Amino acid sequence: MSLLVVYGQDSISVAPRADRVPWVGAIVLLVATLSIFFGKGMVPPLSGILVPFEIQATDVGGQMHIRWNARADDVARAENAALEVADGKKEYRFPVSRGVLSSGAIEYIRKADDVAATLVLYKDGRETERRTVRSVSAPGTH
């Protein structure tokens, strides 16, 4: 069924409203999808975790530069931390103060070619998170 509107001698045929509804729905869906895709950084996720806790390391002349995102939610909630290092066949554990944790970086002078460093976060005396990074250098380069 279509509507016929007559103005003087000219006539205009207008499609019924039911024919336009699917297009309106498709446009609304497209706009919503684009808003979610391009605006995802503006709306916090429902999971509550906004910034992930990640750790990285680089090696320069035998000195291992360990970095993490100091703004990560897990880091912000931590009261203190520890750096656990497996340096070749030896293992070490170093306390990490709240100030160092907030800086997002620490340096370790390696003794072996294969080093794994784990940053462990604590709150209320209990471990909350841990992340490990491993650095392997060519023999004799450190």
Practice task
Find the residue count for segment 55-81, including only residues that are surrounded by 12 or more Cβ atoms within 10 Å (Cβ to Cβ) and part of a loop (DSSP other than H, G, I, E, B).
Solution key: 7
Practice task
Return yes when R134 is in a strand (DSSP E or B) and modelled with pLDDT under 95 and no when it is not.
Solution key: yes
Completion exercise
Checking L101, L121, L83 in turn, the sole residue that is at pLDDT 90 or above and touching a Phe, Trp or Tyr at 6+ places or on another chain (Cβ under 6 Å) turns out to be L83
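The values are calculated or read from the model by the stated rules, or taken from the named source; none is laboratory data. Everything numeric here is computed off the predicted structure, so don't read it as measured data. Don't worry about glycine lacking a Cβ; one is built from the backbone with ideal geometry, like all the others, and counts go over all protein chains shown.
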